[in-house]
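These notes are about the structure you will find just below.
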Amino acid sequence: MPDPSSSGAAPRVRFAPSPTGFLHVGSARTFIFNWLYARHSHGTMVLRLDDTDVERNTDASVQSIFEGLRWLGLDWDEEYRQSERIDLHRRSAEAIFTKGLAYRDFTPAHTADDNQSSGAQGAWLFNPGMREMSGEESDRRAAAGEPFALRYRVPRGEGRVLHFVDGVYGPQTKPADEVEDFALLRSDGMPTYHLASCVDDADLRISHIIRGQDHLTNTFKHLLIFEALDAPAPNFAHVPLLVAPDGAKLSKRKHGPVVSVTTYRDAGFLPQAFVNFLCLLGWSPKNDREFMSLEEIRELFTLDGVNRANAIVNIPLSMKDYEAFVPSPEQRLKIFELGRRAIEEAEIVRVMSEMDPDAEKPTPAHTGEVIDLREAVNRPPEHGLFDPKAVWLNAEHIRALPLDELSRDLEPFFLAAGFNPKPEKIEAVAPLIRERIKLLRDAVAAADFFFLDQLPPYDPAELIPQKGDAAMARRVLETALEVLAATNFDHDSLDQALRGAATELGLKAGQAFQPIRVAVCGRKNAPPLFETLVVLGRDVCLERIRRALANVA
RNA sequence: GGCGCUAUCGUCUAGGGGUUAGGACGUGAGAUUCUCAAUCUUAAAACCCGGGUUCGAUUCCCGGUAGCGCUACCA
């Protein structure tokens, strides 16, 4: 049996979430660190569901964890579930008991309250009555069916000192006398976390345990278990925790959905940006690099780049603010439904006008609602919910993405918002908005006018250029009508023609372009004009300018 | 309460016995541009406190303080 802790051999690491909730950003980071360590050194990544707590485990949680991990796009090589290995845990516990390294504790399970009331000063270490109980009495009471927990018989009064060298925190020591007789088996026969975790780590030959710093002091117990199992202790590395701005650990109740990985996905983070962000929290390549591809991070990643202090995730809003900001799931559902109906109606209108081009185009009944939809989706500047650095990194990664990939990633967000664009159209639009969006979902707001049949109502005053009046707006729009009708719809021709027209009108480019931009986009802030016109096409542009003209009167 | 871990700009961090304490995000100002972005320039912004050790501590040691963790038949 090879020593798993021996250096040289390819490491085996594991990520062992317990499915008691959604995939937490902190867990995700632990997973990422493990993955980086494994892949950096061509080792093996094991995924193990630590699902021994039947009370709290849910299938939904298992699904949520897989969903999150799948989105991250980081793979693993082996997969296990602790609940399928309970026999092994029990047998191991029995072996430890047989060796005399554990004893039965018949004390009824107590609650946290009991603990406090009995709580004199100093830590509870063991119950002498149980620890010293004779084998005969213990056997007799067990045979009589009295429930008991199995506790580790921690060596006492021997001056034994436990020690290990942590991959991040360095040498750690603790006198065994200060370690309490922790439980191995619960009175219902189920293994505790400590037992199950160590038995599995030993059995799966895990060589490096990389986990949250909250386990640093638990490690001494684990050392004892490995010893009782006659298994070599693996290497340990504890990584600092992720905390909220108030220093408290991130909780869904207090800090809202920002602690869930799927929230980032749904808001339009790129997984590589999310990974980039998380690994920068508590780890540094020490060369001032921040924006990195997965490959770069993997090559650069080492344990001694890991920091020892907890890192604050800079989320500026509380749960309450979040609710005010973002549509509830019900609202989102409604938005989606409205969008779907709007698409259907638009299709009907299209078919009708094909059959009878002269008929007056009916206004889709739901246009108004579509506009609400758009506003509801667009309103929340969701960036405010996330760490600004995460948002910035995401924008960087979006800009680094090849256009076809960007377009593909964008599509679901348009669909979810009720648009139904053709892939070619998205590819045409993507270059115009990629520098204007930070989250993928921003694209919906940034590009809506490309996909809307009809522009939502806007304030006609916006058509009026700087230092100009309605008459000037009219003149510009009328000229634009002529120019656009006569010019080739490509960037350079439009550039030349429109600039020429502006000069003829005696206007600066900026003045002349604003009315056209607003007429065509329905707002002042938009992508560059010529490119926009090209993507929109002549017909749409002319039609929108005509409408604007009717409004500016 | 006991034990442990930690402490550099608002946030993430680099650094390290002598430095103008570096970078990034964010923020302010400016430049550029057909708007918005993007980009560029620039500004403000930090070594928790107190003792040592030392010629000299932000860095090393001790103490304090604060935060976090463990102290469950949760993980």
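The values are calculated or read from the model by the stated rules, or taken from the named source; none is laboratory data. No experiment lies behind these values; they were computed from the predicted model shown. Note: ideal-geometry Cβ built from the backbone for every residue, glycine included; neighbour counts use all protein chains shown. Heavy atoms of the whole protein, side chains included, go into the accessibility calculation; ligands, DNA and RNA do not. Shrake-Rupley method; radii C 1.70, N 1.55, O 1.52, S 1.80 Å.
Before moving on, here are some points about what is shown:
- Total residues in region A:154-173, condition within 14 Å of RNA strand B (Cβ to nearest atom) and surrounded by 15 or more Cβ atoms within 10 Å (Cβ to Cβ): 8
- Subset of region A:296-312 [outside any strand (DSSP E or B), of a type outside the set (S, T, N, Q) and more than 20 Å from the chain's Cα centre (by Cα)]: A:E296, A:E299, A:L300, A:F301, A:L303, A:D304, A:G305, A:R308, A:A309
- Some residue of region A:48-61 being at pLDDT below 95, closer than 22 Å to A:G212 by Cβ and part of a helix (DSSP H, G or I): yes
- Conditions (1) under 43 Å from the mean Cα position of the chain (by Cα); (2) under 19 Å from A:Y458 (Cα atoms); (3) not in a helix (DSSP H, G or I): number failed by A:F489: (2)
- Search result, residues across region A:133-190 that are farther than 15 Å from A:D105 by Cβ and assigned to a strand (DSSP E or B): A:V161, A:L162, A:H163, A:F164, A:V165, A:D166, A:G170, A:P171, A:Q172, A:T173, A:K174, A:P175
- Every pair of residues 6+ apart whose Cβ atoms lie under 7 Å, when the first sits in region A:243-256 and is outside the structural domain of A:A28 (by TED's automatic domain parsing) and without any contact (Cβ under 8 Å) to a residue 12 or more places away in the chain while the second is more than 10 Å from RNA strand B (Cβ to nearest atom) and outside any loop (DSSP other than H, G, I, E, B): A:A248/A:K254; A:S251/A:V259
- Of all residues in region A:14-56 being more than 9 Å from RNA strand B (Cβ to nearest atom) and over 22 Å from the mean Cα position of the chain (by Cα), the one that is surrounded by the fewest Cβ atoms within 10 Å (Cβ to Cβ): A:H42
- Selection from region A:251-295 of residues that are part of a loop (DSSP other than H, G, I, E, B) and within 10 Å of RNA strand B (Cβ to nearest atom): A:S251, A:L280, A:L281, A:G282, A:S284, A:P285, A:K286, A:N287, A:D288, A:R289, A:E290, A:F291
- Checking A:L338, A:L385, A:L432 one by one, the residue that is in contact with an Asp or Glu (Cβ under 7 Å, 6 or more places away or on another chain) and at pLDDT below 95 is A:L338 and no other.
- For region A:467-481, the criterion of being without any contact (Cβ under 8 Å) to a residue 12 or more places away in the chain, over 48 Å from the mean Cα position of the chain (by Cα) and not in a helix (DSSP H, G or I) is satisfied by at least one residue.
- Residue match in region A:234-247 (condition: within 13 Å of RNA strand B (Cβ to nearest atom), open to solvent by 10 Å² or more (accessible area, probe 1.4 Å), part of a loop (DSSP other than H, G, I, E, B) and of a type in the set (G, A, S)): yes
- Of all residues making up region A:419-450, the number that are assigned to a loop (DSSP other than H, G, I, E, B) and either in contact (Cβ under 8 Å) with a residue 24 or more places away in the chain or farther than 13 Å from A:V535 by Cα (or both): 11
- Scanning region A:296-305 for residues that are more than 8 Å from RNA strand B (Cβ to nearest atom) and more than 16 Å from A:E396 (Cβ to Cβ) yields A:R298, A:E299, A:L300, A:F301, A:T302, A:L303, A:D304.
- In region A:514-553, the residues that are open to solvent by 20 Å² or more (accessible area, probe 1.4 Å) and within 9 Å of RNA strand B (Cβ to nearest atom): A:Q514, A:R517, A:R523, A:K524, A:N525, A:A526, A:P528, A:E531
- When A:Y103, A:Y80 are checked against the criterion of being in contact (Cβ under 8 Å) with a residue 24 or more places away in the chain, outside any helix (DSSP H, G or I), within 15 Å of RNA strand B (Cβ to nearest atom) and under 24 Å from A:N57 (Cβ atoms), A:Y80 stands alone in meeting it.
- If only residues of region A:206-228 that are touching a Pro at 6+ places or on another chain (Cβ under 9 Å) and over 27 Å from A:V25 (Cα atoms) are counted, the one that is surrounded by the fewest Cβ atoms within 10 Å (Cβ to Cβ) is A:F226.
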